[in-house]
Amino acid sequence: MVNTRAQKDKILIRWAINSPIEWQKANKKGFIITRTTVLRDGIILPKPEKTLLTLKPLVPEPLDSWLDLVQKDSNAAIIAQSIYGESFEVTAAKEGELSKIVNMADELDQRYTFALYAADMSFEGAVKAGWGFVDTNVKKNEVYAYQVSVFENPKVKESSYVIGLKDYSVLPAPTDFIAVPDDKKVILSWDYETFKRIYTSFMVEKSSDGISYAPISNTALVNLNDKEDHPSKTMYYVDTLSVNDKIYHYRLYGITSFGEKGEVTKPITVKGVDAVVTSARLIDYTIVNSNEVNLEWDYPKESESFIQGYEINLADNDKGPYKVVSKIIPPSQRKLNYKEDLFPSNYFTISVVGKNNQRLTSQSMLVQPVDSIPPAKPIGLEGIIDSLGTVKLKWKPNQEKDLRGYRILKANNADEEFVDIYHKSYVGTTYKDSVSLKMTNGKVYYRIAAEDMRFNISEPSDVLVLDKPDKIPPAAPIFKDYVNKDGKVHLEWIRSYSEDVVGYSLRRREKGQEKWLEIKQINDTIQEFTDDRVENKKTYQYAILAKDRSNNWSSLDHSTITIQVLDFTPVKVISFLQGIPDRENKKITLTWDYNKNKDKINSLSIYKNVKGAPPTLWKELNSDVFTIEDKNLKINMEYEYHVVPSLQSSNPAKEEVLTVVY
């Protein structure tokens, strides 16, 4: 890696290898520097001019030539020791010294690490070691590319840097140079992040008169806390003072890796401040009301000149955390009226603030105001009940500082007294409860009340009414009466007494079958139905079911009835009946026919009488006879014929009467 620095009439070059082993080899093989002129008068040269600056590879100068330099430059001595020393071992390291920070894996790492560090501190030593070069044969109108490589060692990649005399600039003064006074010491700090790529070290100079300045240390100051993952933004130095009441002057400049000193900052002045050694003591308090208290403390009057004043701190428990609740109170003041929201239990402390902003804090004092004011009425109570009966409640939090929690109140009916179901203050603004879905109450009622640390309980919140998921079937309707007449079944029932019934279903099945057939959907006001779609002599089962708003159906256990249909109404079988008198042949011819698709006919009986006389059986005929002649007649008589079919189903057949005048 190569770094360069342009000065007014020369260019300084520094380089380093990032491998300890290759660094050691390169010190023996030497370094080659090639300069290529790439611009002249701002124009890129079509054919760059290459010059070899090292007639022979640069290697460390012989040890004897180092003697004068190491006498005056300790960093040059470190470089010489790292190159020529038989051993290189850092011993007797004290905590905080450089040797403890640097990674000392082995002796070679020690040589390499300290050599590179010392070379950054001494450019003259770096040149003597063959790690630096000064090029004086340069022109202001040219720009050069310097390339450094290790002689006959392709394993180490060469590196280049482009620079010209036009790149010269004045080295800036460090910024944000400030001093923080303390007891017989001062903490100096400055911006490190901005200048760490310009300066490798810094020097602080000190003066007691503002005219004559001297360095505060024999060696330049180096930041050893800068890491890649946690880069330092500020650099610090602590200087000790002999007395506190004397003004001292400080100024600062940076030093580059080429040994150049940067511009000096403007001087800053500071003097030490006496440390705070005596704390104030809270001695009494008077409670004015629930949100106001008068505090009183004690502090030696002779120490007032050493402090800025006092600060009052407050917490709701002895361990804190404490919060500053006052501005800085003048040193002569000994009382304070505190008017803010107080906790149920208040722990006050007082801090003495020194002129160096040092704080010395007292023991705490407990202040408990009388509190008989309950919290505000809770608002925003809402909730939901899921299909399993789990209740989830939530509400808006109260704003009281002394809030202990909430009382959860519940009732199962509107006229029932609310019961505290948690039995103590509940902390939080959500609550989970459960309700039985088998109980007949369709609603559940909730309220909450806030409770403070003094056990004052607020007015309960508005009542929250939640509808329970309806899993309870309605009460079953029951049959009250039935009439089996004329081949019809007339049913009457008593409605369900459940309030949420929205309708009924009347169902029927033949006895012995499993599946029910709905024959009628009925609203809640109808209580009777006539079924005329039945067959004679069959046995039917009827069921009446009630449905509620949640589609729950009532039980069938007591809502069924079994009826056998018995129809004695004569069946009209004869569709045609005619009697034709024939006086010439002295006979009456009877003709008839039967209805199609009716019951099968076994036989036919014909009864005869003179009108006004009782009928007597005249003929018994088979079902396949459809006409007959009657010759037993008298003139001018009116005869009645009673035709009665006999059915195979044993149902009664309707008698047909025919009157014939002969």
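The values are calculated or read from the model by the stated rules, or taken from the named source; none is laboratory data. Quantities reported herein were computed from a predicted structural model and do not represent experimental measurements. Note that each Cβ is placed from the backbone with ideal geometry, even for glycine, and that neighbours are counted across all protein chains shown. Just so you know, the surface numbers come from the protein's heavy atoms only, side chains and all, with ligands and any DNA or RNA stripped out. Shrake-Rupley method; radii C 1.70, N 1.55, O 1.52, S 1.80 Å.
One residue stands out in the stretch 518-541 among those that are assigned to a loop (DSSP other than H, G, I, E, B) and of a type in the set (A, V, I, L, M): the one that is surrounded by the most Cβ atoms within 10 Å (Cβ to Cβ), namely 534.
When residue 151 is tested against (1) open to solvent by 40 Å² or more (accessible area, probe 1.4 Å); (2) under 30 Å from residue 250 (Cα atoms); (3) in contact (Cβ under 8 Å) with a residue 12 or more places away in the chain, exactly one condition is not met: (2). Considering only residues in the stretch 406-420 that are outside any loop (DSSP other than H, G, I, E, B) and surrounded by fewer than 17 Cβ atoms within 10 Å (Cβ to Cβ), the one that is farthest from the chain's Cα centre (by Cα) turns out to be 419. In the stretch 49-58, the condition of being under 60 Å from the mean Cα position of the chain (by Cα), closer than 18 Å to residue 23 by Cα and either of a type outside the set (A, V, I, L, M, F, W, C) or modelled with pLDDT under 90 (or both) is met by no residue.
Residue 447 passes every criterion in (1) open to solvent by 60 Å² or more (accessible area, probe 1.4 Å); (2) in a loop (DSSP other than H, G, I, E, B); (3) not aromatic (Phe, Trp, Tyr) apart from (2).
Each row is one residue, and each column tells you yes or no for (1) surrounded by fewer than 16 Cβ atoms within 10 Å (Cβ to Cβ); (2) out of contact with any helix residue (DSSP H, G or I) (no Cβ under 9 Å at 6 or more places or on another chain); (3) not basic (Lys, Arg).
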{"position": "170", "(1), (2), (3)": "yes, yes, yes"}
{"position": "175", "(1), (2), (3)": "yes, yes, yes"}
{"position": "178", "(1), (2), (3)": "yes, yes, yes"}
{"position": "184", "(1), (2), (3)": "yes, yes, no"}
{"position": "187", "(1), (2), (3)": "yes, yes, yes"}
{"position": "191", "(1), (2), (3)": "yes, yes, yes"}
{"position": "194", "(1), (2), (3)": "yes, yes, yes"}
{"position": "205", "(1), (2), (3)": "no, yes, yes"}
{"position": "208", "(1), (2), (3)": "yes, yes, yes"}
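The single residue among 547, 587, 488, 515 that is open to solvent by less than 50 Å² (accessible area, probe 1.4 Å) and of a type in the set (Lys, Arg) turns out to be 587.
Scanning the stretch 89-98 turns up no residue that is open to solvent by 20 Å² or more (accessible area, probe 1.4 Å), at pLDDT 90 or above and on the phi < 0 side of the Ramachandran plot. Here residue 645 meets each of (1) over 14 Å from residue 571 (Cβ atoms); (2) in a strand (DSSP E or B); (3) not acidic (Asp, Glu) with one exception, condition (1). Taking the stretch 145-241 as the region of interest, the strands (runs of 3 or more DSSP E) fully inside it that hold 1 or more residues being closer than 28 Å to residue 5 by Cα are 159-164, 185-191, 201-207, 234-240. A count restricted to the stretch 456-485 and to residues that are open to solvent by 90 Å² or more (accessible area, probe 1.4 Å) and either within 30 Å of residue 534 (Cβ to Cβ) or modelled with pLDDT of 90 or more (or both) stands at 5.
As for the stretch 604-622, it holds no residue that is modelled with pLDDT under 90, within 20 Å of residue 570 (Cβ to Cβ), over 60 Å from the mean Cα position of the chain (by Cα) and small (Gly, Ala, Ser).
For residue 463, the conditions (1) in contact (Cβ under 8 Å) with a residue 24 or more places away in the chain; (2) under 23 Å from residue 381 (Cα atoms) all hold with the exception of (1). Residues of the stretch 491-512 that are under 20 Å from residue 476 (Cα atoms), of a type in the set (Asp, Glu) and open to solvent by less than 80 Å² (accessible area, probe 1.4 Å): 492, 500.
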